[in-house]
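The next block holds one structure in the form of structure tokens; read it before the comments.
The values are calculated or read from the model by the stated rules, or taken from the named source; none is laboratory data. Quantities reported herein were computed from a predicted structural model and do not represent experimental measurements. No Cβ is skipped: glycine too gets one built from the backbone with ideal geometry, and neighbour counts run over all protein chains shown. In case anyone asks, the SASA skips ligands and DNA or RNA and just uses the protein heavy atoms, side chains included. Shrake-Rupley method; radii C 1.70, N 1.55, O 1.52, S 1.80 Å.
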Amino acid sequence: MKHVDEYRSSELCRQVVNEIHQSATRCHTIMEVCGGQTHGLLMHGIDVALAGVVDLLHGPGCPVCVTPAEDIDFAIALCRRPNVTVATFGDMLRVPGTTISLREASSRGGNVRLVYSPLDAVQLARDDPAREYVFFAVGFETTTPATALAAQQAAHLGLENFSMIVSHVRVQPAMEAIMRSEASRVEAFLAAGHVCTVSGYDCYDQFASQYRVPVVVTGFEPLDLLSGILSCVRQLESGVAMVENRYERSVHAEGNRNALQVIDELYEVCDRPWRGLGTLQGGGFRLRDRWSFFDAVHRYPRTALPTVQPSLCRSGDVLTGRIKPTDCEYFGRECTQELPLGAPMVSLEGACAAYARHARQTAS
Ligand code: SF4
């Protein structure tokens, strides 16, 4: 197929839905680990079309949702400094830290700027050398190369007033944590297509065989999603657990070598706290020592604050697939898109926001 419309063909989608129904002898539990896929599955009604044969669980695939409260608290502390501006993406502004969000901090006088790319933050620093700019870098392997390039650009320009709060996370350790949990019901994973565009999928071979779990690299259009699910169902029905690529037009086994090279040049793997999952071994990236000049943690003292899970939010249960958003007693009541209690309702990629937007109802 050449055109994206073909991946939205209702006739082809119906055929694959029928194949899934015919292939499944029982209900299979499959988790997608990408907020974009969560929205796609609900927007196209795939969860409804496959009810009874596939139970879709929504994993920790929303980068803003898994950013820990302590990193947001640090960003808030920095934006309150008279000579510091914190720059970040729009989604990140609304996510609560321990008590308030960056947006609330801004409304109370904090210096916060919304940017659309890490290079925008570099440009702000370049245009205003008397002020210090801190970019709040969040996201999976997908966005990590862009922030690495921003630090390289800042170095190239000789900027001394630019730094980053690095809160980048790696997908695979989260999948491992889910599989190690005794409460996990996950039988197969749809691996995030855009993450795999960077990382490739060879890296999942050991994971799939160790946990005996199918991993199918999947895209975002309805036919992509259904093809990924069909591959999972076929593997589960035949007792196979292997890595498959159903997003061939974007993903190659070895990933994007240039992107991986720039990540490796600037970052090293580290343990990192995830909201709702705790600290994951190898769960994130930090700047290498030779790039620590651009690390806000090195530049500004980070006061240790008590970390409290904000409010009543059950984001940990949602992000690990233990419950669905509609199982949360606050969904649609105390927690709405207009007045969110937690990150999964705030972010455009959050599972709770997806259920609210696509009108999935509470169980009661
Ligand atoms: S519905 Fe709201 S309170 Fe419940 S888990 Fe989702 S974001 Fe948190």
Q: Might you check whether a residue that is within 24 Å of TRP274 (Cα to Cα), hydrophobic (A, V, I, L, M, F, W, C) and open to solvent by less than 50 Å² (accessible area, probe 1.4 Å) occurs anywhere in the range 49-61?
A: yes
Q.
Restricting to the range 116-137, name every residue that is among the hydrophobic types (A, V, I, L, M, F, W, C), in contact with a Ser or Thr (Cβ under 9 Å, 6 or more places away or on another chain) and open to solvent by 10 Å² or more (accessible area, probe 1.4 Å).
A. LEU124
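Quick one: would you say CYS270 is in contact with a Gly (Cβ under 8 Å, 6 or more places away or on another chain), within 10 Å of the ligand (Cβ to nearest atom) and at negative phi?
no
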Q.
Given (1) under 14 Å from ALA137 (Cβ atoms); (2) assigned to a strand (DSSP E or B), identify the lone condition not met by TRP291.
A. (2)
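Within the range 128-135, identify whether any single residue is assigned to a strand (DSSP E or B) and among the basic types (Lys, Arg), and answer yes or no.
There is no residue in the range 128-135 that is assigned to a strand (DSSP E or B) and among the basic types (Lys, Arg).
Just to check your reading of the model, which residue among PHE162, PHE136 is at pLDDT 95 or above and under 20 Å from the mean Cα position of the chain (by Cα)? Explain how you work it out, then say what you get.
Values: PHE162 fails: under 20 Å from the mean Cα position of the chain (by Cα).
So the residue among PHE162, PHE136 that is at pLDDT 95 or above and under 20 Å from the mean Cα position of the chain (by Cα) is PHE136.
Please go through the range 146-158 and give me each residue that is surrounded by fewer than 22 Cβ atoms within 10 Å (Cβ to Cβ) and out of contact with any Ser or Thr (no Cβ under 8 Å at 6 or more places or on another chain), ordered by number.
LEU149, GLN152, GLN153, ALA155, HIS156, LEU157, GLY158
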**Q.** Selection count where residues are at pLDDT below 90, closer than 19 Å to SER101 by Cβ and not polar (S, T, N, Q), scope the range 344-364
**A.** 3
Q: Output the number of residues of the range 333-352 satisfying the condition of being buried (at least 19 other Cβ atoms within 10 Å of the Cβ) and near the ligand (Cβ under 8 Å from one of its atoms).
A: 11
Q) Do we find a residue being away from the ligand (no atom under 16 Å from the Cβ), open to solvent by less than 90 Å² (accessible area, probe 1.4 Å), β-branched (Val, Ile, Thr) and within 20 Å of MET175 (Cα to Cα) anywhere in the range 306-329? A) no
Q) List, please: which pairs have Cβ atoms under 8 Å, are six or more places apart or on different chains, and start with a residue in the range 313-325 that is farther than 23 Å from THR99 by Cβ and outside the structural domain of ARG180 (by TED's automatic domain parsing) and end with one that is more than 8 Å from the ligand (Cβ to nearest atom) and of a type in the set (Val, Ile, Thr)? A) THR320/ILE178; GLY321/ILE178; GLY321/VAL186
Q: Take ARG185 and decide whether it is among the charged types (D, E, K, R) and assigned to a loop (DSSP other than H, G, I, E, B).
A: yes
